[in-house]
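Please read the structure below before turning to the comments.
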Amino acid sequence: MTASLTWLDLTSADRDKVRQILDLFKEQGTVDELGLGSLRDALSDALFPGTSVLHTRLRYLLFIPWIYKRLEQTGAGGDVTRTARSKEVELISHLADQGNDGVIGIQARESLARLPSSVYWAALSRWRIFEPRQSLSWYHTHFDELRRQVRRPETSADDPGVLLTGRHTWHPRLPPAPAGFPVGADFSLSREESEFVQAQIRANCNGSLLGWLADHNLAEQAHKLWEVHLPPDAPSQIVSTLELARQFSLVVEGAPLLYNLMLAEKRGKTNQSEADMAAADYYRQEFSEWMVRAKADLQTFQPEVLWAFVVRQQARSPEPQRRFVERWLQCVSHGDAERALEDRELRSLIEMRERHLKGSKRARLASAGRLADWSGRVGVGRMEFRWSQVRRLLMDLHEGLSH
């Protein structure tokens, strides 16, 4: 059964928060079956502040301000939400004329549920392109008031070429939209645009891997996050966070493999399915290969380093989650795969963790109905901490800087 949410009794701000939570389930290969998502997200936010698994191309961070700045100048006809939506839908068609690589809503068009403005708003606020650093729903609610303040007479700033108004919504150095925008819009940034975005990342993401990579063109060669080779003089904080993410993602990669193995075995015994038996053999092999890859890190990874990081990030890590990670490590850090696969305590740990998170009626290992709905592969794959999306953004940035 597919889980669903209703929007009744939710404010616009509440809906923004729920959408952010739903985004966490969209990262391919890392569906949060065993309740490790909050740790993954804490590391992702530290490495790449403001980013999302839904991000596609960097220039959306300019398209959205350009649309809203024009509405601030011309007015939104009394309904900024409706008018802005129509402008974003119009943008889809113009981008599609130039190709479809990274166009949000190219299939849905007018029926698109999640607009680019919603997808990118956290980055716009975190990188201080949207200066109030408030939610999109807050901006819409206060749009008319903000528009009146922005349109007050301008005075010169100390910095030549920059004008100060009564109050900024968008950064005063935001590059102007190209003539005719959105007609002819594409994803290629000019040098001026790239330098602006680079400056915002540098100023507001200092100390993160994202901030460092904005100044160092290494992303294109690194198809995986672990292929980013930092030089000896890279900041120690960035090096340690990247290493923590690398180790954590590796040492817990085996947990969903064992979970899927247990599902395949259990359903295979029930229905005598050759497909499930073959899946069980596959997951045994995958688990064994994982233990070989992870052997050194399983013995050296220190959970207390992760918990200290969580505290510094002011992130959430419930006690049951901590106990699961620590017990998992204790069970798999010694011995070989054959022993681990037959370890009843380890299997019980997986089963009880799922039941704790979902309850007996929804846990696949406890419910015959839910087990029957198993697709054959859930939650498998090493955490990548949004790297595929961030890599594309950084490639766009450095391509623009090369102009």
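The values are calculated or read from the model by the stated rules, or taken from the named source; none is laboratory data. Just so we're clear, the structure is a prediction, and the values are computed from it rather than from any experiment. Backbone-built Cβ (ideal geometry, glycine too); neighbour counts: all protein chains shown.
State yes or no: is T11 modelled with pLDDT under 95, of a type in the set (V, I, T) and loosely packed, with under 14 Cβ neighbours inside 10 Å?
Numbers: modelled with pLDDT under 95: yes; of a type in the set (V, I, T): yes; loosely packed, with under 14 Cβ neighbours inside 10 Å: yes.
Yes: the conditions hold for T11.
So, R293, is that one surrounded by fewer than 18 Cβ atoms within 10 Å (Cβ to Cβ), assigned to a helix (DSSP H, G or I), in contact (Cβ under 8 Å) with a residue 12 or more places away in the chain and not hydroxyl-bearing (S, T, Y) or not?
Details: surrounded by fewer than 18 Cβ atoms within 10 Å (Cβ to Cβ): yes; assigned to a helix (DSSP H, G or I): yes; in contact (Cβ under 8 Å) with a residue 12 or more places away in the chain: yes; not hydroxyl-bearing (S, T, Y): yes.
Yes; evaluated as a whole, the condition is true for this residue.
Restricting segment 267-280 to residues that are of a type in the set (D, E, K, R) and surrounded by fewer than 19 Cβ atoms within 10 Å (Cβ to Cβ), which is farthest from L365 (Cα to Cα)? Reasoning before the result, please.
First pass over segment 267-280, keeping only residues of a type in the set (D, E, K, R): 267, 269, 274, 276.
From what is left, the residues that are surrounded by fewer than 19 Cβ atoms within 10 Å (Cβ to Cβ) are 269, 274.
Working: K269: 13, E274: 19 Å.
Among residues in segment 267-280 that are of a type in the set (D, E, K, R) and surrounded by fewer than 19 Cβ atoms within 10 Å (Cβ to Cβ), the one farthest from L365 (Cα to Cα) is E274.
If G78 meets every condition in (1) at pLDDT below 50; (2) over 30 Å from D101 (Cα atoms) apart from one, which number is that one?
The single condition G78 does not satisfy is (1).
On the given criteria, is K87 touching a strand residue (DSSP E or B) at 6+ places or on another chain (Cβ under 6 Å) and crowded, with 16+ Cβ neighbours inside 10 Å?
On the way: touching a strand residue (DSSP E or B) at 6+ places or on another chain (Cβ under 6 Å): no; crowded, with 16+ Cβ neighbours inside 10 Å: yes.
Answer is no for this residue.
Which members of segment 328-345 meet the condition of being out of contact with any Pro (no Cβ under 7 Å at 6 or more places or on another chain), closer than 13 Å to L298 by Cβ and either of a type outside the set (D, E, K, R) or surrounded by 15 or more Cβ atoms within 10 Å (Cβ to Cβ) (or both)?
W328, Q330, C331, V332, S333, H334, G335, A337, A340, listed by residue number.
For S333, are the conditions met, namely being more than 30 Å from C205 (Cα to Cα) and out of contact with any His (no Cβ under 9 Å at 6 or more places or on another chain)?
Details: more than 30 Å from C205 (Cα to Cα): yes; out of contact with any His (no Cβ under 9 Å at 6 or more places or on another chain): yes.
Spelling it out, S333 is indeed more than 30 Å from C205 (Cα to Cα) and out of contact with any His (no Cβ under 9 Å at 6 or more places or on another chain).
Somewhere in segment 45-63, is a residue on the phi > 0 side of the Ramachandran plot and modelled with pLDDT of 95 or more? Before the answer, list the steps.
Narrowing segment 45-63 to residues on the phi > 0 side of the Ramachandran plot: 50.
The next check asks that each one be modelled with pLDDT of 95 or more; those that pass are 50.
Looking for residues that are on the phi > 0 side of the Ramachandran plot and modelled with pLDDT of 95 or more, one finds at least one in segment 45-63, hence yes.
Go through segment 104-138 and give me each residue that's more than 24 Å from E90 (Cβ to Cβ), in contact with a Lys or Arg (Cβ under 9 Å, 6 or more places away or on another chain) and without any contact (Cβ under 8 Å) to a residue 60 or more places away in the chain.
Within segment 104-138, E131, P132, R133 meet the criteria.
Hey, could you check segment 222-263 for residues that are buried (at least 22 other Cβ atoms within 10 Å of the Cβ) and among the small types (G, A, S) and say which is nearest to R353 (Cα to Cα)?
In this case the residue turns out to be A255.
Is it the case, given these coordinates, that F309 is in contact (Cβ under 8 Å) with a residue 40 or more places away in the chain, under 21 Å from C331 (Cα atoms), of a type in the set (F, W, Y) and in a helix (DSSP H, G or I)? Please lay out each step first, then the result.
On the way: in contact (Cβ under 8 Å) with a residue 40 or more places away in the chain: yes; under 21 Å from C331 (Cα atoms): no; of a type in the set (F, W, Y): yes; in a helix (DSSP H, G or I): yes.
Judged against the criteria, F309 is not a match.
Scan S367, S317, S388 and give me the residue that is modelled with pLDDT of 95 or more, surrounded by fewer than 19 Cβ atoms within 10 Å (Cβ to Cβ) and either of a type in the set (D, E) or under 30 Å from R59 (Cβ atoms) (or both). Outline the logic, then answer.
Working: S367 fails: either of a type in the set (D, E) or under 30 Å from R59 (Cβ atoms) (or both); S317 fails: either of a type in the set (D, E) or under 30 Å from R59 (Cβ atoms) (or both).
After ruling out the rest, the residue left standing is S388.
Name the helices (runs of 4 or more DSSP H) wholly inside segment 91-154 in which the number of residues that are in contact with a strand residue (DSSP E or B) (Cβ under 8 Å, 6 or more places away or on another chain) is 2 or more. Step through it out loud before you land on a result.
Working: elements: 116-126, 136-141, 143-150.
Because the criterion is at least 2 residues that are in contact with a strand residue (DSSP E or B) (Cβ under 8 Å, 6 or more places away or on another chain), the helices (runs of 4 or more DSSP H) in segment 91-154 that meet it are 116-126.
Of the residues S367, S388, which single one is closer than 30 Å to W212 by Cβ, free of Cβ contacts under 8 Å to residues at least 40 places away in the same chain and polar (S, T, N, Q)? Give the derivation first.
On the way: S367 fails: closer than 30 Å to W212 by Cβ.
One residue alone meets the criteria, S388.
Just the residues that are touching a residue at least 40 places away in the same chain (Cβ under 8 Å) and either under 20 Å from R355 (Cβ atoms) or part of a helix (DSSP H, G or I) (or both), please, taken from segment 321-337.
Let us first name the residues in segment 321-337 that are touching a residue at least 40 places away in the same chain (Cβ under 8 Å), namely 321, 324-325, 328-329, 332, 336-337.
Those that are touching a residue at least 40 places away in the same chain (Cβ under 8 Å) and either under 20 Å from R355 (Cβ atoms) or part of a helix (DSSP H, G or I) (or both): Q321, F324, V325, W328, L329, V332, A337.
Kindly list, by first and then second residue, each pair from a residue in segment 160-184 that is under 24 Å from F143 (Cα atoms) and surrounded by 12 or more Cβ atoms within 10 Å (Cβ to Cβ) to a residue that is at pLDDT below 95 and small (G, A, S), limited to pairs with Cβ atoms under 6 Å and residues at least 6 apart or on different chains.
The qualifying pairs are L164/A157.
Before we move on, is A219 outside any helix (DSSP H, G or I), modelled with pLDDT of 95 or more and crowded, with 20+ Cβ neighbours inside 10 Å?
Spelling it out, A219 is indeed outside any helix (DSSP H, G or I), modelled with pLDDT of 95 or more and crowded, with 20+ Cβ neighbours inside 10 Å.
Could you pull out every one of the helices (runs of 4 or more DSSP H) wholly within segment 338-403 that has 3 or more residues that are within 30 Å of Y120 (Cα to Cα)? Break it down stepwise before answering.
Working: elements: 344-358, 368-372, 387-401.
Where helices (runs of 4 or more DSSP H) fall fully within segment 338-403 and carry at least 3 residues being within 30 Å of Y120 (Cα to Cα), they are 387-401.
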